[in-house]
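The values are calculated or read from the model by the stated rules, or taken from the named source; none is laboratory data. Everything quoted here is computed from the prediction, not taken from an experiment. Backbone-built Cβ (ideal geometry, glycine too); neighbour counts: all protein chains shown.
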Amino acid sequence: MKLRRGITLVEVLAAMALAGVIMAAVTTAFRVATDFSVRAPQARDEFLNQLEFERKVRDYLENAYVDNDAANESAFFVANSEGTEGGLSLDSGTAATSITFTRIYSRPPGASLETDDSSFEERNTARGPVGGLVETQLSLTPVGDAGSLNGLFLREQRPSDNLETEGGTERLLDSRVSEIGFEFFDGENWIGQWDTITGARRIPAAIRVSYRLTDDQQDVVHRFVVKPLFSDVTTANPETGATQ
């Protein structure tokens, strides 16, 4: 008669060890999946917000406009460094940290489409003209008192006047921007300054925007290039006299 052999202690310990390994793997996989489900939407939202920020800046710069009339002081394109050091750049050395320019307004503000009992003149006085040139400034340094707010500020004035450093309304465009630099292609080189008030009244062929966000690693710099719609500067027709 054969006796049935029972489970040995070694087999029990081996089974427990294998079960522990499986449980550890399952727990790790669950934790990774849970972490991904939380981080993925955050990363997606951050990326979409970054794309929206670039879309806004691109829309502003694409519509930059200066006419050929030197007597028209309400149309200009001025970019310079606000401090002793330039902003983020690739090869211009001292990229501009602030840019003020006039642009052809591409779309009416939402407030102008509201219907109320006020007259056309009253709406223009309260909200600014819908058409015409808009004085636009992008800078990390606000013109007015921003309190504890930090980031990239947008100042707009409708219509533009001959005071390119003040007036209009100002708001925080993006609080995540910690550094920024603007560079301009004159048909031959990328340079860090542009001034149509003291130089030629032409828009640069391209504008390169470099920026860093507050959550970025130290070596991460985001860049994109904008081609202004109203520029006639090309490699065959460069403009080296727009800067001083």
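Out of everything in region 217-242 that is aliphatic (A, V, I, L, M) and surrounded by fewer than 18 Cβ atoms within 10 Å (Cβ to Cβ), what residue ends up being modelled with the lowest pLDDT?
Top of the filtered list is VAL220.
Working only within region 217-226, note down all residues that are of a type in the set (D, E, K, R) and either free of Cβ contacts under 8 Å to residues at least 24 places away in the same chain or in contact with a helix residue (DSSP H, G or I) (Cβ under 7 Å, 6 or more places away or on another chain) (or both).
Selection gives ASP219 alone.
Looking at region 140-158 only, could you name the residues that are within 26 Å of THR214 (Cβ to Cβ), charged (D, E, K, R) and either out of contact with any Leu (no Cβ under 9 Å at 6 or more places or on another chain) or part of a loop (DSSP other than H, G, I, E, B) (or both)?
ASP145, GLU156
Quick check, is SER106 surrounded by 13 or more Cβ atoms within 10 Å (Cβ to Cβ), at pLDDT below 95 and not acidic (Asp, Glu)?
no
Tell me the residue from ASN68, ASN72 that is over 17 Å from the mean Cα position of the chain (by Cα), surrounded by 15 or more Cβ atoms within 10 Å (Cβ to Cβ) and not in a helix (DSSP H, G or I), please.
ASN72
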